[in-house]
Amino acid sequence: MIIPINLGEKSYDIVLERGALKKAGELLGISDGRSVLVVTDSGVPEEYVNTVAKSFSKSYTFVFPEGEQSKNFETYMQICQTLCDNSFTRKDAVIAVGGGVTGDMAGFAAATYMRGIDFYNIPTTLLSQVDSSIGGKTAIDLGKIKNIIGAFHQPKKVIIDPEVLSTLPERHIKNGLAECIKMGMCLDKSLFDIFTGESYMDDIDRIIELSLRAKKSVVEQDEKEAGLRKVLNFGHTVGHAIEASVPFGELYHGECVALGMLPFAGNGVKERLTDVLGSCGLPVSCTVDRKKVREIMTHDKKSVGEKISVVKCDEIGSFYFDEMTADEIMNLI
């Protein structure tokens, strides 16, 4: 299945197909002779990385330690140094094989090396397949502030192979489902309704497709988050603050987004959202340092003066924007 992302000169295709990873060289369409750097992390199965790297005559591989703690300037500079050491030019390319951190690191390096070279993305986690693989956002963290340094750099093509999810731990699958639920809450009631059934995992390919189509519709209308695209931040204002305030690894990104959605779900839908999150094995409560959460929220990219732009949902499949102070948000939690 081909899902086109229509962005004028920056348009590209998402290939959603079981077994697509084995055909990566053919599907990416990178001409022979170009150098490619495959960027991945230590948690990605070697067979996935080797399958992609061996598809090209001039390929190099960069592996960094798995986890959010690697999403920093040091890793970014190491990737750029690898590109430089191997004489990469503007005609060459970077390919991400991994989760959201890998896509962010590889994409940001591609966006800035020689002021921009081609970037291709092969996401291997559910979270990255349905969320960060589409839209061109690339970034690194600065201290505990997530994604504060970055650039918009659209990929040339994205390959999504649901079969790679078979090697993911169950918690990582649940982690990705949070973003799918987010899309359903704000943009597509039919997607949200899939999660009300007991066998929703049997529909994982459909869940991925509907999530991608929901995000596609937003990104095509607002590529650089001037307005509508902010809807994709539903759950992230509080979620990012929770994620940064707890010990590393205690809560995954999707788990924090799940928690972050609840304060902004209206009374008519909060119970349904709580039930769905619980059935998907996602948390609906946690213990955090409220002072830390509040402090981190004030550094949010969506802050305007003393107000923070938030997304609210009072009816499944719809949303609206609001502006609140940090104290007002804390009162909702």
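The values are calculated or read from the model by the stated rules, or taken from the named source; none is laboratory data. As the structure is a prediction and not an experimental result, all values here were calculated from the model. Using ideal geometry, Cβ is built from the backbone for each residue, glycine included, and neighbour counts are taken over all protein chains shown. In case anyone asks, the SASA skips ligands and DNA or RNA and just uses the protein heavy atoms, side chains included. Shrake-Rupley method; radii C 1.70, N 1.55, O 1.52, S 1.80 Å.
A few comments on the model shown:
- Close Cβ contacts (under 8 Å, 6 or more residues apart or on different chains) running from residues in the range 25-44 that are at positive phi to residues that are buried (at least 18 other Cβ atoms within 10 Å of the Cβ) comprise GLY29/LYS157.
- Scanning the range 186-216 for residues that are among the polar types (S, T, N, Q) and either open to solvent by less than 20 Å² (accessible area, probe 1.4 Å) or in a helix (DSSP H, G or I) (or both) returns SER190, SER211.
- Flag set for ILE134, criterion: assigned to a loop (DSSP other than H, G, I, E, B) and either of a type in the set (Val, Ile, Thr) or over 15 Å from HIS240 (Cα atoms) (or both).
- Taking residues in the range 155-168 that are under 19 Å from ILE2 (Cβ atoms) and free of Cβ contacts under 8 Å to residues at least 40 places away in the same chain, and partners anywhere that are among the hydrophobic types (A, V, I, L, M, F, W, C) and open to solvent by 10 Å² or more (accessible area, probe 1.4 Å), not one pair has Cβ atoms closer than 6 Å while being at least 6 places apart or on different chains.
- Contact map, the range 200-224: first residue over 19 Å from PHE152 (Cβ atoms), second residue among the aromatic types (Phe, Trp, Tyr) and outside any helix (DSSP H, G or I), Cβ cut-off under 9 Å, separation 6 or more or different chains; pairs are ILE207/PHE195.
- Entirely in the range 227-333, the helices (runs of 4 or more DSSP H) that have 1 or more residues that are open to solvent by 10 Å² or more (accessible area, probe 1.4 Å) and within 23 Å of LYS215 (Cβ to Cβ): 236-245, 253-261, 267-279
- For the range 47-71, a residue qualifies if it is in contact (Cβ under 8 Å) with a residue 40 or more places away in the chain and surrounded by fewer than 16 Cβ atoms within 10 Å (Cβ to Cβ), and the qualifying residues are GLY67, GLN69.
- Strands (runs of 3 or more DSSP E) lying entirely in the range 1-76 (those with 2 or more residues that are of a type in the set (S, T, N, Q)): 59-64
- The set of residues in the range 112-131 being open to solvent by less than 20 Å² (accessible area, probe 1.4 Å), assigned to a helix (DSSP H, G or I) and either of a type in the set (Val, Ile, Thr) or more than 23 Å from LYS182 (Cβ to Cβ) (or both) consists of VAL130 alone.
- Residue selected from the range 113-159 under the condition over 22 Å from ASP222 (Cα atoms), touching a His at 6+ places or on another chain (Cβ under 9 Å) and β-branched (Val, Ile, Thr), by the criterion modelled with the highest pLDDT: THR125
- The residue that is surrounded by the fewest Cβ atoms within 10 Å (Cβ to Cβ), counting only those in the range 72-85 that are free of Cβ contacts under 8 Å to residues at least 60 places away in the same chain and among the β-branched types (Val, Ile, Thr), is THR82.
- Some residue of the range 149-167 being surrounded by fewer than 22 Cβ atoms within 10 Å (Cβ to Cβ), among the charged types (D, E, K, R) and touching a Phe, Trp or Tyr at 6+ places or on another chain (Cβ under 6 Å): yes
- Boolean, GLY107 is in a helix (DSSP H, G or I), free of Cβ contacts under 8 Å to residues at least 40 places away in the same chain and under 16 Å from the mean Cα position of the chain (by Cα): no
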